[in-house]
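Each value in this text was obtained by applying a stated rule to the coordinates, not by laboratory testing. Quick caveat, the model's predicted, so the values are computed rather than measured. Glycine also receives a Cβ, built like all others from the backbone with ideal geometry; neighbour counts cover every protein chain displayed.
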């Protein structure tokens with residue numbers, strides 16, 4: 001892949017959180033960045049900072065749930081910079097509630113933004129990525145793509161869907177377009193404004209399940225994929241542990257989550273909910289990369305740095321995992 005200083009990068013959900021942090025990191029590396037989200041004020045703030053850092057920025061107000069707006073985003077990116085090298089599908093919304101308390105409109109909105117938004121983004125970008133040859137598509141999902149938790153039924157469903165269509169798309173492109181790399185990023189809990197912006201019906205402000213990582217940990221991983229793509233990467237050792245536990249024994253993981261209502265308690269903070277969310281309306285203000293949990297978050301993930309960003313090292317982890325799974329699956333003697 002081209003170095004980031006010579007790349008054109010499109011990022012959805014760039015007004016806050018991971019998208020914003022990734023856009024600013026691209027700017028520091030001298031990239032040309034197209035920032036897309038619904039909050040124009042926040043996007044203009046991000047673009048000004050990218051220009052100040054040495055990159056070049058283009059603002060395109062976009063609701064990824066609407067196909068015509070994705071088409072307009074692609075045309076604006078190519079019209080300004082002539083091509084697209086890396087496309088990052090990152091936009092997401094969330095709601096914390098049991099399914100019975102969610103409305104059909106709320107469920108549909110989460111699926112449209114989180115899942116259809118990424119499908120639309122891939123479909124809109126592909127003709128231009130294919131035209132350029134070497135290019136990268138990065139779909140941002142979550143450890144919840146492999147293991148769901150309560151209070152996030154629709155969100156978990158959308159993340160499972162992202163994993164599924166990413167794998168299918170990768171196989172579709174591998175034969176005829178091998179230079180278009182399709183990557184999946186599976187995230188642990190990240191300290192972003194997602195939790196403040198999420199709709200809550202639990203009586204309190206939502207909270208990320210600990211341990212929590214800073215958005216810069218994800219931005220570093222996404223930029224690494226933009227230059228050295230690989231099929232799948234997990235950001236944060238906590239997310240990897242969750243997925244390994246799911247592979248070993250889903251029933252045991254269920255038991256752990258249900259003890260003392262642990263999985264629910266960990267997602268509900270002690271702070272009152274302000275009843276302000278961005279499910280149907282854009283967030284207000286200039287936006288922020290970080291959320292409200294900085295005192296509890298980690299600024300690095302040694303697991304990600306040591307293993308996930310180095311595919312050969314990560315492959316070594318598969319050997320003991322395969323041995324353990326084989327031992328667990330082996331029929332036991334009646335004696």
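Think of it as helices only: each DSSP H run of n ≥ 4 in the chain is worth -39500 (n - 2.57), and spread over all residues that comes to -14000 deg cm²/dmol at 222 nm.
Between 85, 176, 134, the residue with the greatest mean-square fluctuation in the GNM of the chain (Cα pairs under 10 Å linked by springs) is 176.
Residues 304, 192, arranged from fewest to most other Cβ atoms within 10 angstrom of their Cβ, appear as 304, 192. Taking other Cβ atoms within 10 Å as a rough exposure proxy, 249, 200 sort from fewest to most as 249, 200. Seen through its C-alpha gyration tensor, with square-root eigenvalues sorted a ≥ b ≥ c, the chain comes out oblate because a/c lies at 1.5 or above while a/b is not bigger than b/c. Between residue 101 and residue 227, residue separation times 0.36 nm minus the direct Cα-Cα distance comes to 41.0 nm. Using 0.36 nm per residue and subtracting the Cα-Cα separation, the extra length available between residue 80 and residue 248 on full extension is 55.6 nm.
The stretch between residue 52 and residue 261, if pulled fully straight at 0.36 nm per residue, gains 70.5 nm over its current Cα-Cα span.
A Förster distance of 25 Å, applied to the separation of the beta-carbon atoms of residue 241 and residue 201, puts the FRET efficiency at 0.30. As a length-normalised measure over Cα pairs under 8 Å and 6 or more apart, the relative contact order of segment 4-325 settles at 20 percent.
Beta bridges per DSSP, both residues in segment 4-325: antiparallel share near 5 percent.
As a proxy for reagent exposure, 81, 165 were ordered by neighbouring Cβ count within 10 angstrom, fewest first; the result is 165, 81.
Of 248, 209, 233, the residue with the greatest mean-square motion in the GNM of the chain, using alpha carbon springs below 10 Å, is 248.
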